[in-house]
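Here's the structure, in structure tokens; my notes come after.
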Amino acid sequence: MDWADKLVRDYINHSNNKLIKSESRKDIKWEMDDVKNTDTVKYFVFHIGHEAFDVNNGDTCCYRFTTDGWIYIDSVTRVVYEYNIEKDKLNKWRK
């Protein structure tokens, strides 16, 4: 799904999401998390974030993916929606 990766990159480059925008790191990544089907729409769900160093039990360490934001992409119209976690609501994204 090259078209979806292109939309995610475009979102990252033009996002107003403070966590994504404030990332000075070049390690912003995204993962397709799910496919959500409603009565009328099929969404591809992506979480966008970065790898964070984590200490596990004080003895071992590893990296874990930290999510900075979620987007939903309509599989037919290819419209991007930002997920507002506090309101449990999708908002159409505009550059």
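Taking the stated definitions as given, is Tyr72 modelled with pLDDT of 90 or more, hydroxyl-bearing (Ser, Thr, Tyr) and not in a loop (DSSP other than H, G, I, E, B)? Yes, satisfied. The residue that is modelled with the lowest pLDDT, among those in region 1-28 that are in a loop (DSSP other than H, G, I, E, B) and within 11 Å of Gly69 (Cβ to Cβ), is Glu23. In this structure, Thr77 qualifies as of a type in the set (Ser, Thr, Tyr), at pLDDT 90 or above and within 17 Å of Lys6 (Cα to Cα). Answer with yes or no whether Glu31 is modelled with pLDDT under 90, more than 21 Å from Lys95 (Cβ to Cβ) and surrounded by fewer than 17 Cβ atoms within 10 Å (Cβ to Cβ). No.
The values are calculated or read from the model by the stated rules, or taken from the named source; none is laboratory data. This structure is a prediction, so every number in the text was calculated from the model and none was measured. Here Cβ is always computed from backbone atoms with ideal geometry, including for glycine, and neighbour counts include all displayed protein chains.
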